[in-house]
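J.: Structure provided below as structure tokens; questions to follow.
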Amino acid sequence: MNFQALTNFEKMITPTIIKILYYIAIAAAVIAGIVVFFGGIIDGVSGGGIVRILGGLIGGPLVIVLGVLFARVYAELMILAFNIHSHLVAIRDMMANR
């Protein structure tokens, strides 16, 4: 990587950071879903009733699916802004070469 391109903001590093944060968000969603799943089951077995068990059984996978989905949508929206920027730079360069 060219250091001058980095200091002049010609090369964006944020899309790479967004991808890393996306993978961290996936891991967090899976961990949260597992906690909800087993937390509901344990709470239901220890006296919370069948509603808590069902909440854990339904809520855990729901947290995982929705967490991954929201993380993906957010990451795509953030990367979209940088893709628009790169296309605008390409158009600017193409127009400058004319």
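J.: Six or more apart or on different chains, Cβ atoms under 6 Å: show the pairs whose first residue is in the range 18-36 and in a helix (DSSP H, G or I) and whose second is of a type outside the set (A, V, I, L, M, F, W, C).
T.: Listed pairs, sorted by first residue: ALA29/GLY67; GLY33/GLY60; VAL36/GLY59; VAL36/GLY60.
Conditions (1) acidic (Asp, Glu); (2) within 24 Å of the chain's Cα centre (by Cα), marked per residue:
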residue	(1), (2)
GLN4	no, no
GLU10	yes, no
ALA25	no, yes
ALA29	no, yes
VAL36	no, yes
GLY40	no, no
LEU62	no, yes
ARG92	no, no
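J.: Could you grab me the full set of residues in the range 1-52 that are over 30 Å from ILE84 (Cβ atoms), at pLDDT below 90 and surrounded by 10 or more Cβ atoms within 10 Å (Cβ to Cβ)?
T.: Step one: of the range 1-52, the residues over 30 Å from ILE84 (Cβ atoms) are 30-52.
Now narrow it down to the ones that are at pLDDT below 90: 47-49.
Across the range 1-52, the qualifying residues are GLY48, GLY49.
J.: Let me ask something else about it. I need every pair where a residue in the range 56-83 that is hydrophobic (A, V, I, L, M, F, W, C) has its Cβ under 8 Å from the Cβ of a residue that is at pLDDT below 95 and not in a helix (DSSP H, G or I), sequence separation at least 6 or different chains.
T.: Taking only residues 6 or more apart or on different chains, the pairs are PHE82/MET12.
The values are calculated or read from the model by the stated rules, or taken from the named source; none is laboratory data. All of these numbers come straight from a predicted model, not from anything done at the bench. Using ideal geometry, Cβ is built from the backbone for each residue, glycine included, and neighbour counts are taken over all protein chains shown.
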